[in-house]
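Visitor: Encoded as structure tokens, here's the structure I'll be asking about.
What follows draws every value from the coordinates through simple rules; no lab data is involved. Keep in mind that what you see is a predicted model, and the values were worked out from it rather than measured. Neighbour counts are summed over all protein chains in view; Cβ atoms, including those assigned to glycine, are modelled from backbone coordinates with ideal geometry.
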Amino acid sequence: MMEVVGKFLRSLTQQPWGLWWIQARRLIRIEVRRNLFTWKAGWVYFLAFIPTLIILIHLSVDRHPAFAISEDTSVLAGIVQLYYIRLGVFFGCLGIFSRLIRGEMIERSLHFYLLSPVRREVLLLSKFVAGCISAVLLFGSAIAADFALMYAGFGAAGTDYVFNGPGLGQLESYLAIIVLACLGYGAIFLLLSMMFRNPTPAAMLVLGWEAINPVLPSLLQKLSVASYLRHLMPVSVSAHGIFALLTVETEPVSAWAAALGLLLLIIAVLFYACYRVRTLEIRYTTD
């Protein structure tokens, strides 16, 4: 056993990590520019910042008495849980990550990468990191803007809530949730883009799974991104009507356990994606 471990460690030290790091950095820069600074990214900006526009209108039109801070705090929590996690980040990541592999197949440009002297695993993980950076920058900036505008109208009371109350802690939790959501949905959609010619129908199945997941057995809930993120919410949201299906009460889980569980799920998906990319073939006559 020790001999096997020793051979494995020696093989790791003999790998060209420096070369892979240089290649990964260059690939990430290229992909981030393509994800953020092209006209095709316009609708992702819309998904990220449409709540910001609504909150800005609310700031300009409505009055903000100090006693309404708790109500606006609940509204902001609802925006994060019911819009960003369920819709905004979901479809934003679908657009960003499905384009990284399948989009380049459609544009007939992926073969240039596959013919270059770059390991396919390095290529895949670099694209994943670039997609995560793009999604986190967009949706993280939107969350920060939403938070700032939500409390700007309260003046001194809002400043006191943010800096002397639970405000900053809530913002940190929201940003952590957005980062984990981008990582989770990004890994899933990157894998789906390699498995299906059109990943959209599979993504709709994932959306349905995320919606019904809270009412499933606890073991099956571990296969859902949103189920982990629910336990990280700093403010509970009580939904009504059809949205109550999205917020079914589950067993409480600590924030660290939820984050670790989601990270393990992401790693498992990426491992399988690395396996799939090694056998990926491009047939432009059919793709």
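Visitor: What share of all Cα pairs of the chain, in percent, falls into each consecutive 10 Å distance bin?
Guide: So the P(r) values, bin by bin, are 6, 25, 30, 22, 12, 4, 1, 0.
Visitor: Give, rounded to the nearest 20 debye, the magnitude of the charge dipole that the chain has about its Cα centre when Lys and Arg contribute +1 at Cβ and Asp and Glu contribute -1 at Cβ. All intermediate terms of the calculation are to be shown ahead of the outcome.
Guide: Details: 22 positive and 16 negative charges, 299 e Å.
Here the size comes out at about 1440 debye.
Visitor: Order by neighbour count: 274, 132, fewest other Cβ atoms within 10 Å first, most last. Walk me through the numbers before you get to the answer.
Guide: Working: 274 17, 132 23.
In order of increasing Cβ crowding within 10 Å: 274, 132.
Visitor: Moving to a separate point now. Could you tell me which helices of the chain pass both thresholds, a Cα extent of 15 Å or more along their own axis and a mean Kyte-Doolittle hydropathy of at least 1.0, with helices taken as whole DSSP H runs? Kindly include the intermediate steps, with their values, before the conclusion.
Guide: Working: long enough: 2-13 (17 Å, 0.58); 17-36 (28 Å, -0.26); 42-61 (27 Å, 2.00); 120-152 (47 Å, 1.51); 167-195 (42 Å, 1.72); 199-212 (20 Å, 1.06); 255-278 (35 Å, 1.81).
Qualifying helices, which must be both long enough and hydrophobic enough, are 42-61, 120-152, 167-195, 199-212, 255-278.
Visitor: Moving on to the next point. Taking GluC sites (Glu not before Pro) that fall in a DSSP loop and have at most 15 other Cβ atoms within 10 Å as cut points, what is the longest piece of the chain between them?
Guide: Numbers: sites that count: 107, 249, 281.
Longest gap between qualifying sites, sites excluded: 108-248.
Visitor: Next question, about the same structure. Can you give the net charge of the other residues whose Cβ lies under 12 Å from the Cβ of residue 75, counting K and R as +1 and D and E as -1?
Guide: Values: positive: none; negative: 62, 71, 72, 146.
The answer is -4.
Visitor: With contacts defined as alpha carbon pairs under 8 Å and 6 or more residues apart, what's the relative contact order of the chain in percent? It would help to have the intermediate numbers written out before the result.
Guide: Details: 275 pairs, mean separation 71.2, N = 287.
Taking the mean separation of contacting Cα pairs over the length of the chain, I get 25 percent.
Visitor: Counting Lys +1, Arg +1, Asp -1, Glu -1, what net charge surrounds residue 147 among other residues with beta carbon under 13 Å of its beta carbon? Walk me through the numbers on the way to the answer.
Guide: On the way: positive: none; negative: 72, 146, 172.
Local charge sum for residue 147: -3.
Visitor: Hey, another quick one. Using each residue's phi in the stretch 103-108, evaluate 6.51 cos²θ - 1.76 cosθ + 1.60 at θ = phi - 60° and report the 3J(HN,Hα) Karplus result to the nearest Hz, with x for Gly and Pro.
Guide: Going residue by residue, I get x, 6, 5, 5, 7, 6 Hz, with x marking Gly and Pro.
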